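Worksheet: the structure to be examined is printed underneath.
Only the coordinates and a few stated rules stand behind these numbers; no lab work does. Just so it is clear, the model here is predicted, and its values are computed rather than measured. Reconstructed Cβ throughout: ideal geometry from the backbone, glycine too, with neighbour counts over all protein chains shown.
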Amino acid sequence: MINNFPLACSILLLGLLVFFSVPASCRSFLQPKVVKEEEQFRLLYSSLIIPDASSIPFNSEQWKRDIQIRRKMLFDLFHDAGITERNTLLKLLGTPEEMKEECDKWESWTYELGLQNGHYTFLNIGLKDGRPRSMRILQKYLDVVPQMMPEWTVKNEQWDELAEEYNRNFFIVGMPVKVNMYFSGKAEESNVLEPDGTIERVHCSEPFQFQYTPDGSKVRRFRMTYENATGTNGITKWQETDLRTDPRCLVSIRDYKNRFPSGCFVKFSSADWKADGPGPRRGIGRHSMIESLTRSYPLIGMSREKITALLGKGTKHESTMSEEEADPLIHDVEAYPLIFPFCGNSGYSVFELSYRQNRVVAYRIVNRNGMGGSSLESGPLFNLDEK
């Protein structure tokens, strides 16, 4: 018998050489897809208003029998279960794992949803005067809520990417016009001259331009106007895809109330950024200017001197050796406060810039928990009364 061991070793070695000769970016098909932890939490907290591939119709008997399947029923439960009073809630969902009386005649009912993202997860329903009024997702931890550090942005972002992101997160295409007015304010109708010389009739609410369906009931498409650091005006391509997979998804004001960006979209101003003074609302103005700042100015590659002229002097982040081993980009970081601690809340948000040889190589927004943290994380509160 011929010994095939040397041949097997040669084939294995050749395979390894081929694998590592392929660029990492081309090897993604060989690697399992990993959803970012931050994205996992966002999807979980949106389960009440956005269905996914695992969503199923609500079934009372299945709900009572199988805790692990409950999360898949949340979208249908929130929209069509017909929960209008205390007794109906008990009949459909059964007795909750926890019932508490809150202040001002509110009750808090909590139902287990099993382990989600590796953490204990619950549906919390708020009742007042015997009627269910709100729902939200809660997650509890054995220790404090972990800090979920966002990934660094390492390339300058484009305005078209922002328009796509707005549609992906807020489902603007297909949005009812009455909800759109809540989202962007009153949009004034006007004629716009296109680059090719034609005239488009649009509804404008800076920085958005909308076109409605022929019956005027929904947004047919939208785009965004902008101004670059050089003062050049521009406009994104039209976003025209309705991303809804269920006609009940994101069509009412109640669904949108907790999905809007923090603060309004504000054009970046160096003077306003630097003048954002102390107090409980310090940083709110800065937070609203981030989208404009990161797209109007090519921050990646900009010198520390130019950043200081633009944003003022940042606060040096002192990192430990173990932190730098886990994330080399935090070796030289300057931070700018966005949301400050106030009213006993010690949590805050910062805009961080990472430098190499005095030039920006990455940036991110970090939301930090307060000292001591908490063992409870709450998702957005969705009001059952609003339509």
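Table for the structure above
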item	result
Ranked by how many other beta carbons lie within 10 Å on average, peptides 169-175, 98-104, 325-331 from highest	169-175, 325-331, 98-104
As computed over the stretch 71-132, the Cα convex hull volume per residue (Å³)	88
Within straight-line cross-link reach of Lys155, lysines at Cα separation under 27 Å, skipping those fewer than 8 residues along the same chain	Lys33, Lys36, Lys237, Lys267, Lys274, Lys306, Lys313, Lys316
Electrostatic dipole magnitude of the stretch 154-262 [Cβ: Lys, Arg +1; Asp, Glu -1; Cα centre; debye, to 20]	560
Whole-Å semi-axes of the stretch 163-227's equivalent ellipsoid (Cα gyration tensor)	19, 14, 11
5 angstrom amide H check on Tyr212, placed H, neighbours 5+ away	Arg220
Set of lysines near Lys128 by C-alpha distance (under 19 Å), chain-local residues within fewer than 8 positions excluded	Lys91, Lys100, Lys105, Lys387
Least to most buried among Met302, Met321, Met289 (fewest other Cβ within 10 Å first)	Met321, Met302, Met289
